[in-house]
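Peer 1: Below: one structure in structure tokens.
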């Protein structure tokens, strides 16, 4: 089947009486019910004066209502999902940068900025029995044309760390192609059910967790925001065939697994998926041991409408250390001049294809830096392709630590530290240095009750790494600061940890 050209076309894949979305408390919605809810909310957005390509901010928690609101906003206009934990100042900045015309929130939600020209609508109801209200009164619905493939369905902001975030517009065609690529790579069918633990304001959750299974006519369980203490309860209640998460979430799941042997014995996952950050090999091994299912590591980013490459399902060949092969797009390794390198050559991972954004919004300087004359988008990641087309990532170019001219990839150091049985989590990052420019540092979270000192960490690294890669500073913390989606953000971490 060709990819869906628009979001409504994607939603047409499911049988009317098949379960599409599930929520907490056993509330199931069929595809017929989901399509009706989306159509009704889209009509109300049009009644509020919203048209194609207008921006609708969604400041909502995870759940079936957020899923329906996103699909409706993408159908009638352009969805701009934002983290509901943002402070008012952060939302104000995002509203202004995204050109928001309507903000949708839960009734009584505080911190939603009241800005000139932006209407606030409240999403009332439960499950998919939903309506939009303004000042307590339901918004009248209005008809409107269906979206076209070139209309912008979704805008997201990149998680900038050293500069202002960039706005990434993604069309209906981008979303349809990416959802189809992911569904094909995972062999998704109507029999599959995804347990949604990723936030629906992030490209990973929106495309891999929501649109990909819906494009195959499958079901999505949306019990709420991720909670490691309730994960195994959800595993029992929804009986998913798979879930997808970032590595930090997988590590939290592993930390609770020993308490839920009975649930694990009943679980019947076909596979587990990981993306949005490098997956430490030890976490991959422990997930596979815990669930008795293969771990599929995928490589994605917002500008590619999420997935670019993925490891194949068994019995396909999985190469340790690789993020797999391209899924529906082209991948090349470019040298500094922008020319493709042969297999084995190390350079910047670059992509092009139907799921790649046409460019950042209102940012010609960023577009000039990101796109080559041949149409390649530079990801900012360093890596190499082997003879079989498997991609091996060696680090984020801007996250590489330059220690007096010697380059250190943080991921390499982290994987060594994580081998220690007393370590639950580790992140390597650059620490400013007066003479070297940058030195290597690491933040470590010990397992509960474990004893581990700085010298032991350095000794372990010294066994496997060159001396210049061994962290000179090791700090033990109870929590490592992460971004809003749970991704480790190495850039600026020294400052956030209060290190000199």
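Peer 1: For segment 222-246, which residues satisfy the criterion of being under 19 Å from residue 276 (Cα atoms) and touching a residue at least 24 places away in the same chain (Cβ under 8 Å)?
Peer 2: Of segment 222-246, the ones under 19 Å from residue 276 (Cα atoms) are 225-228, 242-246.
Matches in segment 222-246: 225, 226, 228, 242, 243, 244, 245, 246.
Residues checked against (1) in contact with a helix residue (DSSP H, G or I) (Cβ under 6 Å, 6 or more places away or on another chain); (2) exposed (fewer than 15 other Cβ atoms within 10 Å of the Cβ); (3) within 30 Å of residue 340 (Cα to Cα):
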{"position": "391", "(1), (2), (3)": "no, no, yes"}
{"position": "409", "(1), (2), (3)": "no, no, yes"}
{"position": "418", "(1), (2), (3)": "yes, no, no"}
{"position": "424", "(1), (2), (3)": "no, no, no"}
{"position": "433", "(1), (2), (3)": "no, no, no"}
{"position": "453", "(1), (2), (3)": "no, yes, no"}
{"position": "461", "(1), (2), (3)": "yes, no, no"}
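Peer 1: In segment 120-139, which residue that is touching a residue at least 24 places away in the same chain (Cβ under 8 Å), in a strand (DSSP E or B) and under 27 Å from the mean Cα position of the chain (by Cα) is farthest from residue 32 (Cα to Cα)?
Peer 2: 121
Peer 1: While we're looking at this one, here's another question. Quick check on residue 374: is it surrounded by fewer than 19 Cβ atoms within 10 Å (Cβ to Cβ), touching a residue at least 12 places away in the same chain (Cβ under 8 Å), touching a helix residue (DSSP H, G or I) at 6+ places or on another chain (Cβ under 9 Å) and farther than 13 Å from residue 309 by Cβ? Don't jump to the end; show me each part of the working.
Peer 2: Numbers: surrounded by fewer than 19 Cβ atoms within 10 Å (Cβ to Cβ): yes; touching a residue at least 12 places away in the same chain (Cβ under 8 Å): yes; touching a helix residue (DSSP H, G or I) at 6+ places or on another chain (Cβ under 9 Å): no; farther than 13 Å from residue 309 by Cβ: yes.
No.
Peer 1: Which of the residues spanning segment 395-427 are assigned to a strand (DSSP E or B) and either closer than 19 Å to residue 494 by Cβ or in the same structural domain as residue 351 (by TED's automatic domain parsing) (or both)?
Peer 2: Quick first cut of segment 395-427, residues assigned to a strand (DSSP E or B) only: 395-396, 401-403, 406-408, 423-427.
Answer for segment 395-427, where residues must be assigned to a strand (DSSP E or B) and either closer than 19 Å to residue 494 by Cβ or in the same structural domain as residue 351 (by TED's automatic domain parsing) (or both): 395, 396, 401, 402, 403, 406, 407, 408, 425, 426, 427.
Peer 1: I need the full set of residues from segment 471-500 which are surrounded by 15 or more Cβ atoms within 10 Å (Cβ to Cβ), touching a helix residue (DSSP H, G or I) at 6+ places or on another chain (Cβ under 7 Å) and without any contact (Cβ under 8 Å) to a residue 40 or more places away in the chain, in order please.
Peer 2: Once the filter is applied, which keeps residues that are surrounded by 15 or more Cβ atoms within 10 Å (Cβ to Cβ), touching a helix residue (DSSP H, G or I) at 6+ places or on another chain (Cβ under 7 Å) and without any contact (Cβ under 8 Å) to a residue 40 or more places away in the chain, segment 471-500 yields only 474.
Results for (1) closer than 25 Å to residue 217 by Cα; (2) touching a helix residue (DSSP H, G or I) at 6+ places or on another chain (Cβ under 8 Å); (3) modelled with pLDDT of 95 or more; (4) part of a loop (DSSP other than H, G, I, E, B), shown as yes or no for each residue.
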position	(1), (2), (3), (4)
278	no, yes, no, yes
284	no, no, yes, no
299	yes, no, yes, no
303	no, yes, yes, no
307	yes, yes, yes, no
315	yes, no, yes, yes
323	no, no, yes, yes
331	no, no, yes, no
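The values are calculated or read from the model by the stated rules, or taken from the named source; none is laboratory data. No experiment lies behind these values; they were computed from the predicted model shown. Glycine also receives a Cβ, built like all others from the backbone with ideal geometry; neighbour counts cover every protein chain displayed.
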